[in-house]
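Structure first, then comments.
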Amino acid sequence: MTSKMAATDMEFAALIDLSARIGTDPALVQGPGGNTSLKRDGTMWIKASGTWLSQARERSIMVGVALGPLLGALDRNDPACESGAQFVVAEANSAGLRPSIETTMHAALPHAVVLHVHCVETIAWAVRSDAQAQLEQRLHGFDWCLVPYVRPGLPLTQLIRQRLRADTTVLILANHGLVVGGPSVAAAASTLSAVVARLRRLARIAPIADVDALEALAAGSGYRLPERMAVHSTATDAQSLAIAQKGSLYPDHVVFLGPGVFVLQADETLAQALHRARQEMRGDPALLLVPGKGALVRRSAPPAAEAIAGCLADVLMRLSPEEPICTLSSVDEAAIINWDAEQYRRALARGAG
Ligand SMILES: [Zn+2]
């Protein structure tokens, strides 16, 4: 083995290690969200769609794509780069994986290593209409840029290409998350922790959930209490509940919880609430909020749904209803729900459930 090969293999191992580490931190990554990549010798190794970064050490989650042809297709705005499937290096994909729906975003960045996370601290700033001014104070010294919200995939990648400057290493994606790039895994990891430290916000302490009331409500139903206590705060904390009812804050919310939130009304039984949900064409909501009591999660919902509900709770506990908060429009929500790539990711999540 040449010394160059040994060095790059060490980089690959370092990326897997970092992926597993950020994948198990719910403040950075929830469920199958977030992705990491490494470019070397014309191939970009990127997390596969629907896989979890947290599983990086246990299973093969990385798929190789041919970078040159993908960038060529991106220049032509070829819709084939959306799924990325035709750019997969077959001999580097024995598991038959499909590249992340955010593959083009990684390809468009010049850095050898790119990390993308749905960081709770970042989202809590990136949902504000005055995010640019707020972030200017906090990200002083970084070469960063704020990218306005557009649907992830090709539209977001093309917008990033317009905004990107030669030295940009930090992208804040409005109503979405954080991207950092660097020449090595160590450099990107260090930028990631430095940015997250700058963006840290104080979270309120949530009133405790009424577990007895929730258990009584859910008895004999298709709903259960969440495993993570923090999920309850969206329903027990009045400020969080008020903001949650304004609308969906980011794409994975819409993908795994459906648009907006579903709240049990006063004196309504669970059966009555579910009847109302069906009449409102929501189906059985993955997350059901009981004001002042806590949250219930649909038993048949994939594990990703509870992970995303946890992210929602964590973001909301950092926001107050007086802040200028942007939510996704119904057009934005529909664009996410009807997107082929997301339907694939939801199908994988159901399989994992
Ligand atoms: Zn994302």
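In the set Asp212, Asp267, which member is over 26 Å from the mean Cα position of the chain (by Cα) and either within 16 Å of the ligand (Cβ to nearest atom) or part of a loop (DSSP other than H, G, I, E, B) (or both)?
Asp267 is the lone residue from the list that is over 26 Å from the mean Cα position of the chain (by Cα) and either within 16 Å of the ligand (Cβ to nearest atom) or part of a loop (DSSP other than H, G, I, E, B) (or both).
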Item to check | the stretch 40-61, residues that are farther than 30 Å from Ala313 by Cβ and out of contact with any helix residue (DSSP H, G or I) (no Cβ under 6 Å at 6 or more places or on another chain) | outcome: Asp41, Thr43, Trp45, Ser60
Checklist outcome for this item: Filtering strands (runs of 3 or more DSSP E) wholly in the stretch 3-72 for at least 1 residues that are closer than 23 Å to Cys119 by Cα and touching an Asp or Glu at 6+ places or on another chain (Cβ under 9 Å) gives 35-40, 43-47
Checklist entry - Which of the following residues is over 30 Å from Asp314 (Cα atoms) and in contact with a strand residue (DSSP E or B) (Cβ under 6 Å, 6 or more places away or on another chain): Val29, Val89? => result Val89
Checklist entry - List, please: which pairs have Cβ atoms under 9 Å, are six or more places apart or on different chains, and start with a residue in the stretch 103-128 that is touching a residue at least 12 places away in the same chain (Cβ under 8 Å) and closer than 19 Å to Thr168 by Cα and end with one that is away from the ligand (no atom under 14 Å from the Cβ) and among the aromatic types (Phe, Trp, Tyr)? => result Thr103/Phe87; Ala107/Phe87
Checklist outcome for this item: Flagged pairs (Cβ under 9 angstrom, 6 or more apart or on separate chains; first in the stretch 171-193, under 23 Å from Cys326 (Cα atoms); second within 16 Å of the ligand (Cβ to nearest atom) and of a type in the set (S, T, N, Q)) are Ile172/Thr122; Leu173/Thr122; Asn175/Ser248; His176/Thr122; Gly177/Thr122; Leu178/Thr122
Checklist entry - Within the set of pairs 6 or more residues apart or between chains, which connect a residue that is assigned to a helix (DSSP H, G or I) inside the stretch 246-258 to a residue that is within 13 Å of the ligand (Cβ to nearest atom) and modelled with pLDDT under 90 with Cβ atoms less than 7 Å apart? => result Pro251/Ile336; Val254/Ile336; Val255/Ile336; Val255/Glu342; Val255/Arg345
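The values are calculated or read from the model by the stated rules, or taken from the named source; none is laboratory data. Just so we're clear, the structure is a prediction, and the values are computed from it rather than from any experiment. As a convention, Cβ positions derive from the backbone with ideal geometry for all residues, glycine included, and neighbour counts pool all protein chains shown.
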